[in-house]
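Structure first, commentary second.
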């Protein structure tokens, strides 16, 4: 039996649609990609790596033999400045995209929480009504003491006529 592709195993889309044929699928893939980059940029390791990169760049272009240098310290490491500026100009929109995606997820989570809270409130109100109904039903029920008193009264009532009734002797033939 042929294995279905990964998309066919998902439950949030109809079977048979490929990831690229779904509307917004490419945007979603791009969003996931940018989110992973933004998440990576927010780590201490990225800052450490960027710092090491800049230190190596500056050190190499300052102390390497003149023919090997490709970015002059005399003109302020222009290539390094351009690279870092380009990195910053791409980082800001990627971070904004990641924040927008997080806002969308938060909005969906908030809506699900609201629906769950409404359902819990309805369940709680239902259970409260049921408890009140049970309490009312319990008040209408006879207690043990009441039943005992009634049985004693019935027993006394049954015993009295038997003691007061004249004894009849069976007639002989």
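The values are calculated or read from the model by the stated rules, or taken from the named source; none is laboratory data. Note that the structure is predicted; figures quoted are calculated from it, not measured. No Cβ is skipped: glycine too gets one built from the backbone with ideal geometry, and neighbour counts run over all protein chains shown.
Worth a mention:
- If the condition is being under 30 Å from residue 33 (Cβ atoms), part of a helix (DSSP H, G or I) and in contact (Cβ under 8 Å) with a residue 12 or more places away in the chain, then the range 53-86 contributes 54, 57, 80, 84.
- Residues in the range 39-69 that are surrounded by fewer than 11 Cβ atoms within 10 Å (Cβ to Cβ) and farther than 24 Å from residue 90 by Cα: 59, 63, 65, 66, 67, 68.
- For the residues 49, 40, the requirement of being at pLDDT 55 or above, part of a helix (DSSP H, G or I) and in contact with a helix residue (DSSP H, G or I) (Cβ under 8 Å, 6 or more places away or on another chain) singles out 40.
- Among the residues listed as 96, 80, the single one being loosely packed, with under 13 Cβ neighbours inside 10 Å and in contact with a helix residue (DSSP H, G or I) (Cβ under 9 Å, 6 or more places away or on another chain): 96
- Condition met for residue 131 (part of a helix (DSSP H, G or I) and within 28 Å of the chain's Cα centre (by Cα)): no
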